[in-house]
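Peer 1: Got a structure for you, questions after.
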Amino acid sequence: IVEPRAFLTTIAKRLLFHLRRRRDLEQAWLEQLRHSPEAFSPSPEERALLLETVLLVDRAMQGLPAAARAAFLYSQLDGLGHDEIARRLGVSVRTVGRYLRQAWQCCLEDLREAAAG
């Protein structure tokens, strides 16, 4: 390490970024729960597992372009079809299919790494 102070500053900034990102995801999840009917509210254990899953998926897809992440989230969270996703993103249906394949590939690779490690 040539510049230890700069190295530590970079690490600190990245840790703060990831902490802020995690808090934003947690807040979005809690906000979603506030709007769901009580009969469908998960238990605290289920909430923890779901939040951890959301964070794992987010980490797995960090290398993807924003449009590919958006397509995956529209598909999985909102239940939208390829046509509607294409309309919202302003791309072709074929491009949406490519985005979804990229996102699933990232998730599968992350799962393989987690299983191997």
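The values are calculated or read from the model by the stated rules, or taken from the named source; none is laboratory data. Here the structure is a predicted model, which is why all the values come from computation and not from measurement. As a convention, Cβ positions derive from the backbone with ideal geometry for all residues, glycine included, and neighbour counts pool all protein chains shown.
Peer 1: So which of Glu31, Glu45, Glu26, Glu52 ends up being over 18 Å from the mean Cα position of the chain (by Cα) and not in a loop (DSSP other than H, G, I, E, B)? Full working, then the answer.
Peer 2: On the way: Glu31 fails: over 18 Å from the mean Cα position of the chain (by Cα); Glu26 fails: over 18 Å from the mean Cα position of the chain (by Cα); Glu52 fails: over 18 Å from the mean Cα position of the chain (by Cα).
Within the list Glu31, Glu45, Glu26, Glu52, the selection yields Glu45.
Peer 1: Here's another thing I want to ask about it. Looking for something in contact with a His (Cβ under 9 Å, 6 or more places away or on another chain), part of a helix (DSSP H, G or I) and not hydroxyl-bearing (Ser, Thr, Tyr) - is there at least one such residue anywhere in the range 73-81?
Peer 2: No, because not a single residue in the range 73-81 is in contact with a His (Cβ under 9 Å, 6 or more places away or on another chain), part of a helix (DSSP H, G or I) and not hydroxyl-bearing (Ser, Thr, Tyr).
Peer 1: Given the options Glu84, Glu31, name the one that is acidic (Asp, Glu) and assigned by TED's automatic domain parsing to the domain that holds Glu113.
Peer 2: On the way: Glu31 fails: assigned by TED's automatic domain parsing to the domain that holds Glu113.
So the residue among Glu84, Glu31 that is acidic (Asp, Glu) and assigned by TED's automatic domain parsing to the domain that holds Glu113 is Glu84.
Peer 1: Also, I was wondering about something else. Among Ile1, Ile11, Ile85, which is the only one that is in a loop (DSSP other than H, G, I, E, B) and aliphatic (A, V, I, L, M)? Let's see the steps before the verdict.
Peer 2: On the way: Ile11 fails: in a loop (DSSP other than H, G, I, E, B); Ile85 fails: in a loop (DSSP other than H, G, I, E, B).
Of the residues listed, the single one that is in a loop (DSSP other than H, G, I, E, B) and aliphatic (A, V, I, L, M) is Ile1.
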